[in-house]
Amino acid sequence: MLKAVKPKNARAARAMKAREPQQNENPKTTLFVTGQKTSQILKLAVADLATLKRPFVERFTKKNDIHPFDDASSLEFFSLKNDTSLLALSLHSKKRPHCLTLVRTFDHKLLDMLELYINPETFRTLQQFKNKKPSIGLKPLISFHGTVFEDPNETKYTLAKSLLVDLFRGQDTDEVDVEGLQYLISVSAEEPTDSRPNPEIKLRFYLLRTKRSGQKLPRVEVEEMGPRIDFTLGREQFPDADMLKEAMRKPKGTEERTKKNVSTDAMGDKVAKIHPGKQDFNTLQTRKMKGLKRSRDEDIEGDAQMADADSGDEVDSDALKQALLKKAKNQ
């Protein structure tokens, strides 16, 4: 645990205040740290991941004798000095080959971490795919495939999902331009079996291409752009319950006040209930249409028919019609 340090001057006080938890946090910066011994596979993987993370990335090239599961104080110190909440330690050994450890901190204290063992046989770098690369600083689409990521209990795979989302999420925005969606990150895992209870996680990066479809919406095609990384999960450290509760706490005033009878459905649309009062249909004003009014000729013919019905055969109907027409003309 790091001890609290009092600022010696106003400049140090401003720097410490900028590092304190904010209501709207800055984008998470990732610090890549090299261990005492590394491999060429780890160097290439770290270089590609740092390229995709730009500009929210820092890199250390000097080797450091760090074993986070034994003592994480060095990583906490690096997190404090560089103001980074995510760290990635690359360390290679015979027992744990090509190991990339993802570490997440809260208030520059260790929160959780997970080991990823990269498969060197299926690894492909970013430069091995000869195609266009996305621009710097764009937000990607992230997709997870596999039931292991949807487990309601806390497992290695749910922890891996949380860490990968934090690693690639980029800057928080309220609106995203469609033209800015240039690449997709796909994370998939097979179903666990008795012979293989811990399946590999396959990390793929695809370039999105839009083409004409003859309709209003374009046709979207994907093309792999690299890197291609397959890894298995190693040791893990889940977050402490009290620290996780403090990290997930939202400041007062940021949450929207719930409104009565107003909710949001699964598609993000606002749904509300309306309770109108009792309506009196006798006082309801309807629209008056001229097409529904009877003409004068129809009124005369109607009166003649009624007169015929009342007088029977004794009255001459033709004479009655003539009399009514003459009366209408005089009016």
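The values are calculated or read from the model by the stated rules, or taken from the named source; none is laboratory data. Keep in mind it's a predicted model, so treat the numbers as computed, not measured. FYI the Cβ positions are ideal-geometry reconstructions off the backbone, even for glycines, and counts take in every protein chain you see. The area values use the complete protein model at the heavy-atom level, side chains included, leaving out ligands, DNA and RNA. Shrake-Rupley method; radii C 1.70, N 1.55, O 1.52, S 1.80 Å.
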Open item on the list: Per residue, how large is the accessible surface of region 1-92? Use a 1.4 angstrom probe and give square angstrom.
Closed with: 64 Å²
Task: Long pairs among 8/109; 28/62; 161/260; 6/252; 109/245; 28/259, criterion Cα-Cα beyond 25 Å - done: 161/260; 6/252; 28/259
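Would you mind checking the pairs 53/216; 43/63; 17/43 and listing those with alpha carbons more than 24 angstrom apart?
Too far apart for the 24 Å limit: 53/216; 17/43.
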Task: trypsin sites (Lys or Arg not before Pro) lying in DSSP loop within region 224-282, provided at most 16 other Cβ fall within 10 Å - done: 249, 252, 257, 259, 260, 273, 278
Open item on the list: Based on Cα coordinates alone, diagonalise the gyration tensor for region 180-270, multiply each eigenvalue by 5, take square roots, and list the semi-axes in whole Å, largest first.
Closed with: 33, 30, 14
- [ ] Could you give me the percent of Cα pairs per 10 Å distance bin for region 134-184, shortest bin first, beginning at zero and ending with the bin that holds the maximum distance?
- [x] 21, 45, 27, 7
- [ ] Please list 92, 275, 108 in order of solvent-accessible area, largest first, computed with a 1.4 Å probe with all protein chains present.
- [x] 275, 92, 108
- [ ] Summarise the long-distance tail of P(r) for region 1-123 by giving the % of C-alpha pairs beyond 25 Å.
- [x] 28 percent
Task: Accessible surface of residue 206 - all protein chains present, 1.4 Å probe, nearest 10 Å² - done: 60 Å²
TODO: Starting from the exponent 0.38 and prefactor 2.2 Å, build the expected Rg for region 19-62 from its residue count and divide its actual Cα Rg by it.
DONE: 1.42
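So for region 80-215, considering every pair of alpha-carbon atoms, how many percent are separated by more than 22 Å?
Values: 4719 of 9180 pairs.
Summing the P(r) of region 80-215 above 22 Å gives 51 percent of all pairs.
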Open item on the list: If you split all Cα-Cα distances of region 54-137 into 10 Å bins from zero, what percentages do you get per bin, shortest first?
Closed with: 14, 41, 31, 13, 0
